[in-house]
There are 2 protein chains.
Amino acid sequence: MKTERIEYQDGNVTLCGFLAYDETNMKPRPGILVMPGGFGLGVNAKRRAQMLATLGYVALAGDPYGDGREIDDLQEVMKEVTALRADPVQFRRRVQVAFDTLVSLPQVDPRQVAAIGYCLGGTLALELARDGAPLKGVVTFHGGLETQRPAVAGQVKAKILVCTGADDPSVPVAHVNTFAEEMTKAGVDWQIIRYGHTQHAFTYPDAATRGISWIAYNKLADERSWKAMQSFFEELFIA
Amino acid sequence: MKTERIEYQDGNVTLCGFLAYDETNMKPRPGILVMPGGFGLGVNAKRRAQMLATLGYVALAGDPYGDGREIDDLQEVMKEVTALRADPVQFRRRVQVAFDTLVSLPQVDPRQVAAIGYCLGGTLALELARDGAPLKGVVTFHGGLETQRPAVAGQVKAKILVCTGADDPSVPVAHVNTFAEEMTKAGVDWQIIRYGHTQHAFTYPDAATRGISWIAYNKLADERSWKAMQSFFEELFIA
């Protein structure tokens, strides 16, 4: 497997993504965009890109902030996320440029692309879907479901799978229900999996090191949601 | 594959189940109880038992009413279901005797048993779990989630997977949320998958022939939920 740093632009912000793929495969193949959470592009998203590459996909982990910047402090994360979300057009652009980068790669079949995302990255992946990007599918893991620009009927091309923890205070059941209604009204093919006894950031093995009471790794929910994603991709990328 | 009619008793009611298994396999193996919906034990549950047998399980489709009786008329179904549910102890007994029959079979490893159920049968499978039966897991497909005897903390041994349609008027989101709270309080390992644009009876290919406006087959939700069940069983029956 080959991994490489890949730079791309959002206006004058230089973003530093992380690409993983099997360099011995010469055929264009499905590409998966991986959008990281509020801590920035770190080990978790990079590991997911590598896991996807071992499954045969070309995976690009995107950079939400620029210069591949990682943030440790929760208050700083909140500040950055709030700033990024302030302008909904700019918010979408940050994921659009990552998507454009992925589909332009010679290794990628541009008709066979999906996006996954974690926390903030889940929200970004959903914004890309709401924007009508030519995606086969979107999968979110403990992703935020709220939006300033709800999906418009007939515009969303992606099928959507949401994997969410029942005890995640940042994704309460009210958000889940509102999201389901939004997707239903917009005619989107959607599925939501709720995992019991599962908090925010349940896919981050290092969650406990963050010192945040309402986030926790959950091995079972991590493995189940990853397997659900694989089943979903098998469905999307057949034919 | 061998299929056979198998009789068992609930008091003085003779129940006629349908057993399916690979008769060339001599080893005890996981057993799956299949509880049918309110129309009684018909082609849908029998087909599921056969599908499970091809996956290597010993599958017993239970009889909810006695004499393997099938009911066509919705009003008659409602009457029978109401009668069966009137006494919650009797309601549970109807599925307990099916479970006891399955685990007593020489082909079945009694420590490796799960139950699945459709509509009324989903409710019955959940009642078996709430009762503390030694099940590895329960999967429901458009099953009713309400109960007169909520799960008691520490008593439920089964892991639970609920597959439900977002547009099923018999399983509204309020029931889903109440069920999630019940399972969380009782410390049960639970997952709920909600499928968008999916009505009641979504796994019944013959749903349209029933002349009931609020039921409909949904091929995608049918296939997705069956695959989710298979993943779940792979997890339950490893080791």
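The values are calculated or read from the model by the stated rules, or taken from the named source; none is laboratory data. Since we're looking at a predicted model, the values are computed, not measured. Neighbour counts are summed over all protein chains in view; Cβ atoms, including those assigned to glycine, are modelled from backbone coordinates with ideal geometry. The protein model used for the area step is the full one, side chains on, heavy atoms only, and it has no ligands, DNA or RNA in it. Shrake-Rupley method; radii C 1.70, N 1.55, O 1.52, S 1.80 Å.
For A:E4, the distances from its label point to the matching points in the remaining copies are 6.4 nm, ordered from shortest, with each point set 7 Å beyond Cα toward Cβ. The two copies A and B are related by a rotation, and the chain A beta carbon nearest its axis, with distance in whole angstrom, is A:I193, 2.
Of the accessible area of the range A:89-182, with the probe set at 1.4 angstrom, what percent is carbon plus sulfur? Intermediate results must be reported in sequence, preceding the final value.
Values: 1620 of 3070 Å².
For the range A:89-182, the apolar C and S fraction of the accessible surface comes to 53 percent.
Reducing the range B:19-81 and the range A:11-53 to their Cα centroids gives an inter-centroid distance of 46 Å. Taken over the range A:1-114, the percentage of Cα pairs per 10 Å bin, counting from 0 up to the bin with the maximum distance, is 15, 47, 29, 8, 1. Across all directions, the shadow cast by the convex hull of chain A built on its C-alpha atoms averages 11.7 square nanometres.
Across the range A:69-76, computed HN-Hα scalar couplings (Karplus, 6.51 cos²θ - 1.76 cosθ + 1.60, θ = phi - 60°) run 5, 9, 10, 9, 7, 4, 5, 5 Hz from first to last residue, x flagging Gly and Pro. Hey, how many Å between the Cα centroid of the range B:185-207 and the Cα centroid of the range A:167-214? When both Cα centres are located, 18 Å separates them. Shown in residue order for the range B:202-213 are the 3J(HN,Hα) couplings computed by the Karplus curve 6.51 cos²θ - 1.76 cosθ + 1.60 at θ = phi - 60°: 5, 9, 8, x, 9, 4, 5, 6, 7, x, 10, 5 Hz (x for Gly and Pro).
Bridge orientation summary for chain A: considering DSSP beta bridges with both residues in this region, about 30 percent are antiparallel.
What number comes out for accessible area per residue over chain B if the probe is 1.4 Å? Units Å², please.
On the way: 9580 Å² over 239 residues.
For chain B, the per-residue accessible area is 40 Å².
Tell me the net charge near B:E127. Cut-off is 15 Å between Cβ atoms, B:E127 excluded, with +1 for each Lys or Arg and -1 for each Asp or Glu. Residues close to B:E127 contribute a combined charge of +1. As an equivalent ellipsoid, the protein assembly as shown spans semi-axes of 44, 22, 21 angstrom, where each value is the square root of five times an eigenvalue of the C-alpha gyration tensor, largest first. Amide H contacts for B:D10 (H built 1.01 Å from N in the peptide plane; partners 5 or more residues away or on another chain; cut-off under 5 Å): B:L15. A simple rule links phi to the HN-Hα coupling: the Karplus curve 6.51 cos²θ - 1.76 cosθ + 1.60 with θ = phi - 60°, which for the range B:178-185 gives 5, 4, 4, 5, 4, 5, 5, 4 Hz, with x for Gly and Pro. Panel values: the range A:118-239, Kirkwood radius from alpha carbon pairs, Stokes-Einstein at 4 °C and 1.567 mPa s, translational diffusion coefficient 89 µm²/s. Give the residues of the range B:146-161 whose amide nitrogen is closer than 17 Å to a point set 7 Å from the Cα of B:Q90 in the direction of its Cβ. In the range B:146-161, the label zone of B:Q90 (backbone N under 17 Å from the point 7 Å along Cα→Cβ) covers B:148-149.
To the nearest 0.05, how large is the calculated FRET efficiency for A:T3 and A:E181 if R₀ is 51 Å and r is the Cβ-Cβ distance? Walk me through the numbers on the way to the answer.
Numbers: r = 40 Å, r/R0 = 0.79.
E between A:T3 and A:E181, to the nearest 0.05, is 0.80.
Using a Gaussian network model of chain B whose springs link C-alpha atoms within less than 10 Å, name the residue from B:E23, B:E80, B:E182 with the highest mean-square fluctuation. Most flexible of the set in this elastic network: B:E23.
Amide H to amide H distances under 5 Å link B:T198 with B:A166, B:D167, where only residues 5 or more positions off or on other chains count and H is placed in the peptide plane. Near the amide H of B:V113, within less than 5 Å, lie the amide hydrogens of B:G31, B:K136, all on another chain or at least 5 residues away, with H placed in the peptide plane.
Between B:T24 and B:W226, how high is the FRET efficiency from 1/(1 + (r/R0)^6) when r is the Cβ-Cβ distance and R₀ = 25 Å? Nearest 0.05.
E between B:T24 and B:W226, to the nearest 0.05, is 0.55.
Starting from the label point of B:D73 at 7 Å along Cα→Cβ, the same points in the other copies fall at 7.4 nm, in ascending order. Interface residues of the range A:171-202, defined as those with an accessible-area decrease of at least 20 Å² between the chain by itself and the complete set of protein chains (probe 1.4 Å), are A:N177, A:T184, A:D189, A:W190, A:Q191, A:I192, A:I193, A:R194, A:G196, A:H197.
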